[in-house]
Amino acid sequence: MRKVYLEQSRKACPEQSRRAHIERKTKETRVRVEVNLDRSGPVKISTGIGFLDHMLTLLATHGTFALRLSARGDVEVDRHHTVEDVGLALGSALKKSLGDKRGIARFGWAAVPMDEALALAAVDFSGRGFLHLELGLRAKKIGDFEVELMEEFLRAFASAAGLTLHLRTLAGRNSHHLAEAAFKALGRALEQAVRLDPRRGGQIPSSKGVLE
């Protein structure tokens, strides 16, 4: 069914390229990202930060897009630089893969449970990067990952993608479950938002005629 839908969508928007490659280099990090929105795999992540790898794998798997991402950073200093730059690079790749956003649904939302946890994500490819976050995570660390870095990743991702992102948890206690539910919900919301809608006939989904 998905294959048929994608074939119909591509006919409606034949000019649209939905792949991107981004390489971000600084004195602190080096990040490489390849995204293909029209393939459900492979998903290969290697950032040197295990929990971040796990969350990004969930994001791409439930977003049903192919993602190859590798990062090397000064984690001996701390993980902030790597986490933030991964968010910037992934957001930039997503934005590039969408081009001028012709034919996409633009909006998406999802509510996803993970045992006792329930997360809600809502997104808009408005062109205006914005994050509203209410995760309510009680733990300071999940494993050896500093929980406060999750907001740094999400803010960088939303900013670079030009994405309005609301992400909150509606129920739950276990911080790992809350984080998993949030990234799964974000993946599902993104999958909805980037779908090509053949009814739009390749038009930009805005009454202004532009999304910047």
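The values are calculated or read from the model by the stated rules, or taken from the named source; none is laboratory data. Bear in mind the structure is a predicted one, so any value in this text is a computation, not a measurement. Every residue, glycine as well, gets a Cβ built from its backbone with ideal geometry; the counts of neighbours run over all protein chains shown.
Out of the residues in the range 15-28 that are more than 16 Å from the chain's Cα centre (by Cα) and assigned to a strand (DSSP E or B), state the one that is nearest to residue 88 (Cα to Cα).
Taking the range 15-28 and keeping what is more than 16 Å from the chain's Cα centre (by Cα), we get 15-17, 23-28.
With the extra rule that they be assigned to a strand (DSSP E or B), the set shrinks to 23-25.
Working: 23: 10, 24: 9, 25: 11 Å.
Among residues in the range 15-28 that are more than 16 Å from the chain's Cα centre (by Cα) and assigned to a strand (DSSP E or B), the one nearest to residue 88 (Cα to Cα) is 24.
Residues considered: 124, 115, 85. Of these, the only one that is at pLDDT 95 or above, crowded, with 22+ Cβ neighbours inside 10 Å and among the acidic types (Asp, Glu) is 85.
Being under 12 Å from the mean Cα position of the chain (by Cα) and among the hydrophobic types (A, V, I, L, M, F, W, C) is the filter here, so list the residues in the range 49-65 that pass it. Before the answer, list the steps.
Of the range 49-65, the ones under 12 Å from the mean Cα position of the chain (by Cα) are 55-65.
Within the range 49-65, 55, 56, 58, 59, 60, 65 meet the criteria.
Scanning the range 127-148 for residues that are closer than 17 Å to residue 159 by Cβ and either among the aromatic types (Phe, Trp, Tyr) or buried (at least 19 other Cβ atoms within 10 Å of the Cβ) (or both) gives a single hit, 130. Report whether or not residue 199 is farther than 17 Å from residue 84 by Cα, among the charged types (D, E, K, R) and modelled with pLDDT of 95 or more. No: the conditions fail for residue 199. If the condition is being over 25 Å from residue 31 (Cα atoms) and not in a strand (DSSP E or B), then the range 154-186 contributes 172, 173, 174, 175, 176, 177, 178, 181. Among the candidates 102, 79, 106, the residue that is at pLDDT below 95, under 28 Å from residue 204 (Cβ atoms), surrounded by fewer than 24 Cβ atoms within 10 Å (Cβ to Cβ) and not hydroxyl-bearing (Ser, Thr, Tyr) is uniquely 102.
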